[in-house]
């Protein structure tokens with residue numbers, strides 16, 4: 001069965017996709033280590049395919065975050081023996097994630113508040 | 001007939017031609033390509049189709065390269081250079097401090113031949129502070145921050161020890177490493193001036209390297225106020241010492 005939303009949500013624009021990449025990655029990794037392909041699949045699945053990254057673009061973001069000390073990586077293997085690079089959160093990453101959550105909540109609450117007034 | 005391995009090899013060549021480096025990040029991208037192809041084929045696509053979709057999803061080599069460039073080149077260059085300067089300067093200052101404490105502890109008694117060394121010492125402390133400041137700004141991970149903090153603390157400790165020696169009554173050097181007969185105060189004013197200058201520099205360093213400053217990467221009005229307070233502190237100590245003579 002399909003989940004039918006009230007109205008069609010168009011694809012999320014690329015500026016917003018770019019801005020949300022870091023908080024999404026941090027929050028995903030907060031649940032445990034993961035690798036590039038799984039991160040993309042998870043975000044696609046959770047957004048119903050509306051949040052589409054050009055897959056390769058995830059890696060520069062991951063590398064940037066690693067250089068900034070937010071996450072760390074290690075080479076490992078999947079159950080089937082496939083080589084994989086696993087990423088996990090560092091302490092600074094947790095702090096950055098908390099900051100992102102705060103800011104996104106703020107933006108969301110301002111937007112929601114304004115919308116409410118509009119429809120009263 | 002479509003040859004998947006051949007196609008992947010060609011894709012690798014294209015990526016390399018676009019400037020994507022191997023093994024990192026090309027290997028990571030290739031693994032990703034492999035996983036996507038596998039998923040597409042499980043969903044019922046044939047090899048050629050799966051490969052085509054996977055390549056499209058990953059994106060163009062040129063576009064990827066420019067994104068990796070943003071992440072790597074400039075940032076890494078500045079970061080590395082700053083880090084090297086910082087570590088060198090911090091290490092140098094620490095060595096200087098140790099050397100001073102163990103071999104050259106003749107600060108209280110004024111020996112003319114030590115004058116140049118003293119001045120050099122103050123200069124080195126300044127260099128060290130600048131280095132630690134760079135280091136603190138450049139380093140993003142916890143370990144380097146702790147090390148830079150420790151280096152800072154050691155410098156402050158060095159200044160405090162200087163104070164202790166300076167304030168001890170003449171004839172009783174007090175510190176176990178200060179051997180020999182008591183210091184002769186040829187020119188105490190001179191020593192006090194140099195010590196206070198050194199101490200002031202330490203305070204500047206301590207303020208600039210305070211955790212909040214490093215976290216925000218900026219100097220705020222509050223920091224400047226603290227700096228002024230520290231300066232006033234050093235000045236008043238200087239006055240007291242000067243008057244005592």
Those residues of the stretch B:36-49 which are more than 14 Å from chain A (Cβ to nearest Cβ) and under 16 Å from residue B:5 (Cα atoms) amount to B:41, B:46, B:47, B:48, B:49
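Listed here are the residues, each with its yes/no results for (1) loosely packed, with under 12 Cβ neighbours inside 10 Å; (2) within 26 Å of residue B:29 (Cα to Cα); (3) at pLDDT 95 or above; (4) within 14 Å of chain B (Cβ to nearest Cβ).
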{"site": "A:76", "(1), (2), (3), (4)": "no, yes, no, yes"}
{"site": "A:81", "(1), (2), (3), (4)": "yes, yes, no, yes"}
{"site": "A:84", "(1), (2), (3), (4)": "no, yes, no, yes"}
{"site": "A:87", "(1), (2), (3), (4)": "no, yes, yes, yes"}
{"site": "A:91", "(1), (2), (3), (4)": "yes, no, no, yes"}
{"site": "A:97", "(1), (2), (3), (4)": "no, yes, yes, no"}
{"site": "A:106", "(1), (2), (3), (4)": "yes, no, yes, no"}
{"site": "A:114", "(1), (2), (3), (4)": "yes, no, no, no"}
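Can we say residue A:20 is in contact (Cβ under 8 Å) with a residue 12 or more places away in the chain and away from every other protein chain (no Cβ under 12 Å)? Before the answer, list the steps.
Values: in contact (Cβ under 8 Å) with a residue 12 or more places away in the chain: yes; away from every other protein chain (no Cβ under 12 Å): yes.
When the stated conditions are applied, residue A:20 passes them.
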Taking into account only those residues within the stretch A:45-58 that are part of a helix (DSSP H, G or I) and over 22 Å from residue A:82 (Cα atoms), which is nearest to the other protein chains (Cβ to nearest Cβ)?
A:45
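The values are calculated or read from the model by the stated rules, or taken from the named source; none is laboratory data. Predicted model, so just to flag it, every value in this text is computed and none were measured. Cβ coordinates were reconstructed from backbone atoms using ideal geometry, including for glycine residues, and neighbour counts include every protein chain displayed.
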